[in-house]
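Report on one structure; see the data block that follows.
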Amino acid sequence: MNRNLNALHAMWYRQVKRFWRAKSRVAAMIIQPIFWMIFFGLGWTSAFKIGGVRTLFGGLDYLTFLMPGVIMMAIFMFSYMSGISVIWDKEFGYLKEILVAPVSRRASILGRMLGDSTVAVIQGIIIFCIAYPLTPTLRIINAPIVILVAFLTSLSFTSIGTIIATEMRSQEGFQLIVNMISMPTLFLSGAFYPIDTMPTWMKYLAYINPLTYGVDATRILLTGSGSLDLTIDAILLLLLSTILVMLATQTFKKATIE
């Protein structure tokens, strides 16, 4: 038991330390959401100053509506892309050492996912601190609950990234799948426009998207306006993250390296 806990902690610590050593990666992951806030958020806020448009966004100006989505977008992108480190470890042989180590594979990969999720949440906090001066009406008092929502969302997509990466053999193949799935996931989450305005067929896709519940819960907590209900968001997010973590650990447990 102690050996498995030590493995979990070691992998968690490795992922956090590994990320902060990559200064350029840290900068890129933070700068991209800032571009979305400035060029997309401020631009469309000016365009949506027409009377009556605010009702589409729950009575919010567009920048305030967008900000929770941008925070969750940053968390989502890092969490999803974190699976590529599994492929790097395959190429450099580190993964073989993990698979043959006398500790639980589940503990090793869970520690890795927890580490990546922790980094994603830290990144989200940084984005929130940068965004708050632009939208000072955000309810900062709910920040601790938002962090919990962000962690569950991050854990969901870290798990998805791990599942995909465990089955892939090349970085190119992983990036192709990530690029193919990430944009629909973002646009179906309600980050950029309300779910209520989507066509009916699109709403069905949005409701099976874990990011939808992370974005909606964050928006309710920070602005008081959302498309669903906070309790429903929390229950479904917890359920989806639990299922995805179980699938990821089971997939990794059965993994083989040629």
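So the values come out like this:
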{"quantity": "Nonlocal amide H pairs with residue 139, under 5 Å, H built at 1.01 Å", "calculated": "223"}
{"quantity": "For segment 2-253, with +1 on Lys and Arg beta carbons and -1 on Asp and Glu, the positive-most of 4, 153, 137 along the dipole", "calculated": "4"}
{"quantity": "Most to least packed among 68-81, 201-214 [average Cβ atoms within 10 Å]", "calculated": "68-81, 201-214"}
{"quantity": "Over segment 2-253: Rg over Rh, Cα atoms, Kirkwood Rh", "calculated": "0.99"}
{"quantity": "Dipole of segment 2-253, positive end: most advanced residue of 58, 27, 176 [Cβ charges, Cα centre]", "calculated": "27"}
{"quantity": "Relative packing of 215-221, 83-89, 3-9, which averages over residues the other C-beta atoms within 10 Å, highest first", "calculated": "215-221, 83-89, 3-9"}
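Any read-out appearing in this document is the output of simple, stated calculations on the displayed coordinates, not a laboratory observation. Everything quoted here is computed from the prediction, not taken from an experiment. Cβ sites come from the backbone with ideal geometry, for glycine too, and all protein chains shown count toward neighbours.
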